[in-house]
Amino acid sequence: MNINEVRIKMVASGPDKLQAFCSITIDNSFVVRDLKVIEGAKGYFVAMPSRKLTDRCPRCDGKNHLRARFCNNCGARLPEDRAEKDSFGKARLHVDIAHPINSACREKIQEEVLAAFHEELKRAREPGYEHAEIPYDEYGDGKKSDKSFHLSEKEPKTEAGDNFGKGLF
């Protein structure tokens with residue numbers, strides 16, 4: 001597997017640990033979008049694209065996210081503790097859309113994405129670096145924000161690539 005391109009799009013500073021979205025091009029023929037760079041307790045890591053898990057309302061059969069307490073369709077109270085548990089007993093609320101099959105592949109993706117992410121952080125510290133103001137909701141997470149990217153000496157918030165997200169892949 002050869003990763004030909006990594007595109008980084010920093011997100012506006014928000015309350016969570018999400019730092020950037022990115023896409024990778026594999027063997028000049030396959031693109032994986034919406035990988036996330038997240039700041040964890042042990043440093044940055046790459047999360048694979050995922051979607052929220054849902055279930056159906058027992059009353060109206062409406063579709064609801066597992067954290068929902070009431071049905072989006074009929075308003076009925078939903079049963080507690082509907083989510084499947086993982087091996088640690090934690091509720092499983094998301095499922096990967098795409099993911100590596102083995103640890104070597106995961107390590108290669110993480111290594112290349114984080115290298116591109118750190119390069120973008122360096123470029124953002126250079127004088128004259130321009131960045132766009134992008135609303136947090138551009139990725140459909142429902143969190144609208146007028147916050148622009150803020151550069152600080154500690155951790156700048158930036159955007160990479162003027163054409164990212166404009167239908168190029």
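The values are calculated or read from the model by the stated rules, or taken from the named source; none is laboratory data. Because the structure is a prediction, the values reported are computed rather than measured. Counting neighbours? That spans all protein chains shown, and the Cβs are built from the backbone with ideal geometry, glycine included.
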>> Just checking, does segment 84-104 include any residue being charged (D, E, K, R), outside the structural domain of I24 (by TED's automatic domain parsing) and farther than 23 Å from G40 by Cα?
In response: yes
>> Can you go through R123, R82, R33, R59 and tell me which one is in contact with a strand residue (DSSP E or B) (Cβ under 8 Å, 6 or more places away or on another chain) and either exposed (fewer than 11 other Cβ atoms within 10 Å of the Cβ) or not in a strand (DSSP E or B) (or both)?
In response: R82
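Which of the residues spanning segment 9-30 are assigned to a loop (DSSP other than H, G, I, E, B) and of a type in the set (S, T, Y)?
Kept after step one, since they are assigned to a loop (DSSP other than H, G, I, E, B), are these residues of segment 9-30: 11-17, 27-29.
Within segment 9-30, S13, S29 meet the criteria.
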